[in-house]
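**Student:** Mind having a look at this structure? Questions to follow.
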Amino acid sequence: MSKELTMWYTSPAPMEGDDVSNIYVFERQIVSDNDGWEKWSLPIGCGWFGANIFGRTETERVQITENSFQTVQSWNKSVYPNGLANFAELYLDFGHKEVTDYRRYLSLDNAIAGVTYNYNGVKYEREYIASYPDKCLVVSLTASENGKLSFTMRPEFPYGGAHREEPYKYIEGNTIIFGGIFGKYRVQFEAQFELHVNGGTVKAGDGVFCVEGADSAYIVAVFGTNYKMDKQVFLEDNFPEKLNGFPHPHDKLTTRLAETRNKDYAELRARHIADYKSLFDRVTLDLGEEMPCIPTNELLEQYKVDQKSRYLETLFFQYGRYLLISSSRPNTYPANLQGTWNKYDAPPFGSGYWYNINVQMTYWPAFVTNITETIEPLVEWIHTAMETLENRASEYVKKMYPDRFEEGQGANGWGIGCTNWLYKMHQIGIATHTGPGVAPFTMLMFWDYYEFTEDKKLLCDIVYPWLKSLCVFLNKILIEKDGKWLVENSASPEQLDPDDEAHVTVGCTFDQSMIWECFNETIKAAEILGDNDPIIDIIKGKINDLDHMMIGVDNNIKEFREEVHYGDIGQKNHRHISQLVGLYPGTSINKYTPEYLKAAENTLELRGDVATGWGMAHRINAWARVFNGKRAHDVLKQLLSLRIMPNLWDLHPPFQIDGNFGATSGIAEMLLQSHMNDVDILPCLPPDWQIGSFTGLRARGGITVDAKWADCALIEATVKADADREIRIAMAECTVKDAEGNVVETVKNGSLTSFAAKAGVIYTVIPA
């Protein structure tokens, strides 16, 4: 047995769910346990696109998603500005009905999905990769005997070409090309599937290739649209004009495909693995259990009946990293509510970007689990849309506070609404279920981006200008009431009154705490950069009167100012824990505010642990931040038992990927915390994790940490800083040694031990 990180199964994904007679899916639809796509297919992706592998032996299905393939759709009695759609389907007809020794797998170590089985005495193998460096899908097909590989390759439009206009499909040499124009945005799209065959014969006809008697084959496919991340897309309100002037994708795809022709499958595979492992291999986690000899779905079922597998928890942690690497890479698109995977023409919530927690949770693992590059598409998206976001702020201020409105681009700062898509930035909430706190909530991610890297250029060029501009907007929407600076038209995300209307109030904790975080970050950034912009003095004068955290009579963090007892307003067991965003991912509730910390713990008790998948994931992080590792692990166990499907995707329900990402960050929070400017190693290790180790986790300040433990106690850790700096270890007594084994001079300060670290030097920390 080995500790390879592989999900594997002994049967193909079921056929159920393949025929969707109603192409629209509703937000809380409960999908059958045997739904082949949602619960059993295996996802691969590279940010450019995603693909789901079913592993079938009669007719294989590969379902393909391209995140810019969107339209305006009526959905759930509402009209959303956007909805992602299923891009293409690739079918491979083999006709292999009775097979033996079947195995379907997804290797997290190499980001390769595969299928192996025997049919009529021949072993057949398939591999699937989504290559980021070559921007292509590659499918390899082999047989153990020459001349035994026969199949039909037929790419198709999904749903009979719904919403697809001016369709075309033709064969050019060994390539099938199809495309058309999609939806109300008039998106020009195309796919090219190129077939490479060793031996045998190939017959072409009616948009398909029939291969007979080959030794091996591989398919290279490329996909794209004429979408461009350009401010025109957000500024243009006329749907068909959004993509005006952007070139048809044909030439780009033809060039991309041509560039793969001087590489055989082995080279394409090697390039893919090297690229992927350069990110994935940065972090390892070992919780002391070998890889079991049972399929992943059976392992999950055993877990549900109290056979708690540490290997499954390790696999689940790394799966979150795999999914984020696979769905968000530089120059691609940000990961949406379903990452980069969608089978529907109208998916749950339009596969959009929800900014009242879901986008933020998606990128929680990016920094601590050492895949910082994955957030770059989100930065590019916000940067590209900034003029529109400034317009949104101006619209809001002009409507709500006309006396404070100023003419001029950016004069009112910027803000963002809750629901957004690649084609549309929505209005800032006015009397809706989510208030204006989503913009400062969003800035927490970008402040973390700076704090984890300490990249001064990033701070100077992106983070600080965004912070200052946001503070301009936030300052305009604060009103003075009872000596406090409060937000009007404030709402705690998705909390409803008994009549199912949003509870709109003044100064709810979500909005107030996020504004406090934003003001605090901006003040820190101004000090680092030596800036004295007038807005800095303004927010310094208001930050202490935000009244951002209130303790109620039940020793809880109040969600609403007007509540007396916990649960007086809204659902007591609501999926959101919005009053605790100052605990995680914020910093205003911390070990140096013990009253708030205890009240936060009581609030978690009162809220309850069971929620939607992502709701439980947030709770894992929150329990870790109150240093209750057992409870954090208990919620992780419940999440795996209640909300995780056989393919380890997270259920809202339905499938929503943020719970995967939030769980990964929650596991990391149990192992390493750094939000209080110290390196806290194993801050809340669960009792069940008796032995283990990790390598490569990141602490704020550009610090990489490895650790190993036994009997739930740290044996030793190593720390390495990217630049010369002081490192503060959250230990009252420890010994620090340099790479040569020399004891390093340290300074003790209460529960902290500090020392001067040189860039790139590995220091060993040994507890006393």
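The values are calculated or read from the model by the stated rules, or taken from the named source; none is laboratory data. Remember, predicted model here, so these are calculated numbers, not experimental data. FYI the Cβ positions are ideal-geometry reconstructions off the backbone, even for glycines, and counts take in every protein chain you see. When the accessible area is computed, the model is the full protein with side chains, heavy atoms only, and any ligands, DNA or RNA have been set aside. Shrake-Rupley method; radii C 1.70, N 1.55, O 1.52, S 1.80 Å.
**Student:** Please work out if ILE681 is touching a residue at least 60 places away in the same chain (Cβ under 8 Å), crowded, with 24+ Cβ neighbours inside 10 Å and more than 27 Å from SER326 (Cα to Cα). Spell out the reasoning first.
**Tutor:** Values: touching a residue at least 60 places away in the same chain (Cβ under 8 Å): yes; crowded, with 24+ Cβ neighbours inside 10 Å: yes; more than 27 Å from SER326 (Cα to Cα): yes.
The answer is yes for ILE681.
**Student:** Moving on to the next point. Residues in segment 709-728: is at least one acidic (Asp, Glu), in contact with a His (Cβ under 9 Å, 6 or more places away or on another chain), modelled with pLDDT of 95 or more and not in a strand (DSSP E or B)?
**Tutor:** So in segment 709-728, the residues acidic (Asp, Glu) come out as 711, 716, 722, 724, 726.
Those left that are additionally in contact with a His (Cβ under 9 Å, 6 or more places away or on another chain): none.
Within segment 709-728 (the criterion being acidic (Asp, Glu), in contact with a His (Cβ under 9 Å, 6 or more places away or on another chain), modelled with pLDDT of 95 or more and not in a strand (DSSP E or B)), the answer is no, since none of the residues qualifies.
**Student:** Would you kindly identify the helices (runs of 4 or more DSSP H) lying entirely within segment 292-407 that contain at least 2 residues that are of a type in the set (Gly, Ala, Ser), within 30 Å of PRO158 (Cα to Cα) and out of contact with any Phe, Trp or Tyr (no Cβ under 7 Å at 6 or more places or on another chain)?
**Tutor:** Values: elements: 296-304, 310-327, 358-362, 364-368, 376-400.
Those helices (runs of 4 or more DSSP H) span 310-327.
**Student:** Could you grab me the full set of residues in segment 548-584 that are in contact with a Cys (Cβ under 8 Å, 6 or more places away or on another chain) and more than 21 Å from ASP609 (Cα to Cα)?
**Tutor:** ARG561
**Student:** Let me ask something else about it. Tally up the residues in segment 467-492 that are open to solvent by less than 20 Å² (accessible area, probe 1.4 Å) and either under 26 Å from the mean Cα position of the chain (by Cα) or among the hydroxyl-bearing types (Ser, Thr, Tyr) (or both), please.
**Tutor:** Qualifying residue count for the region: 5.
**Student:** For the structure I just gave you, tell me whether GLY507 is in a loop (DSSP other than H, G, I, E, B), at pLDDT below 95 and touching a strand residue (DSSP E or B) at 6+ places or on another chain (Cβ under 7 Å). First the steps, then the outcome.
**Tutor:** Working: in a loop (DSSP other than H, G, I, E, B): yes; at pLDDT below 95: no; touching a strand residue (DSSP E or B) at 6+ places or on another chain (Cβ under 7 Å): yes.
So GLY507 fails the test.
**Student:** How about segment 296-313: which of its residues are open to solvent by 10 Å² or more (accessible area, probe 1.4 Å) and in contact with a strand residue (DSSP E or B) (Cβ under 7 Å, 6 or more places away or on another chain)?
**Tutor:** Hit for segment 296-313 is ASN297, nothing else.
**Student:** Which pairs turn up if I take residues in segment 233-254 that are more than 14 Å from SER68 (Cα to Cα) and open to solvent by 50 Å² or more (accessible area, probe 1.4 Å) and look for partners that are of a type outside the set (Ser, Thr, Tyr) and assigned to a helix (DSSP H, G or I) with beta carbon separation below 7 Å, at least 6 apart in sequence or on another chain?
**Tutor:** That search, which allows pairs on different chains as well, returns LEU235/GLU387.
To keep it simple, each residue is scored yes or no on (1) under 14 Å from ILE557 (Cα atoms); (2) touching a residue at least 12 places away in the same chain (Cβ under 8 Å); (3) open to solvent by 10 Å² or more (accessible area, probe 1.4 Å); (4) not aromatic (Phe, Trp, Tyr).
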site: ILE589; (1), (2), (3), (4): yes, yes, no, yes
site: TYR592; (1), (2), (3), (4): no, yes, yes, no
site: ALA599; (1), (2), (3), (4): yes, yes, no, yes
site: THR603; (1), (2), (3), (4): yes, yes, no, yes
site: ASP609; (1), (2), (3), (4): no, yes, yes, yes
site: MET616; (1), (2), (3), (4): no, yes, no, yes
site: ALA624; (1), (2), (3), (4): no, yes, no, yes
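**Student:** Oh, and also: Across segment 160-181, what is the number of residues that are open to solvent by less than 20 Å² (accessible area, probe 1.4 Å), at pLDDT 95 or above and out of contact with any helix residue (DSSP H, G or I) (no Cβ under 9 Å at 6 or more places or on another chain)?
**Tutor:** 2
**Student:** A further question on this structure: Going by the structure shown, is ILE762 open to solvent by 60 Å² or more (accessible area, probe 1.4 Å), in contact (Cβ under 8 Å) with a residue 40 or more places away in the chain, farther than 25 Å from ILE325 by Cβ and of a type in the set (A, V, I, L, M, F, W, C)? Steps first, answer last, please.
**Tutor:** Details: open to solvent by 60 Å² or more (accessible area, probe 1.4 Å): yes; in contact (Cβ under 8 Å) with a residue 40 or more places away in the chain: yes; farther than 25 Å from ILE325 by Cβ: yes; of a type in the set (A, V, I, L, M, F, W, C): yes.
It is true that ILE762 is open to solvent by 60 Å² or more (accessible area, probe 1.4 Å), in contact (Cβ under 8 Å) with a residue 40 or more places away in the chain, farther than 25 Å from ILE325 by Cβ and of a type in the set (A, V, I, L, M, F, W, C).
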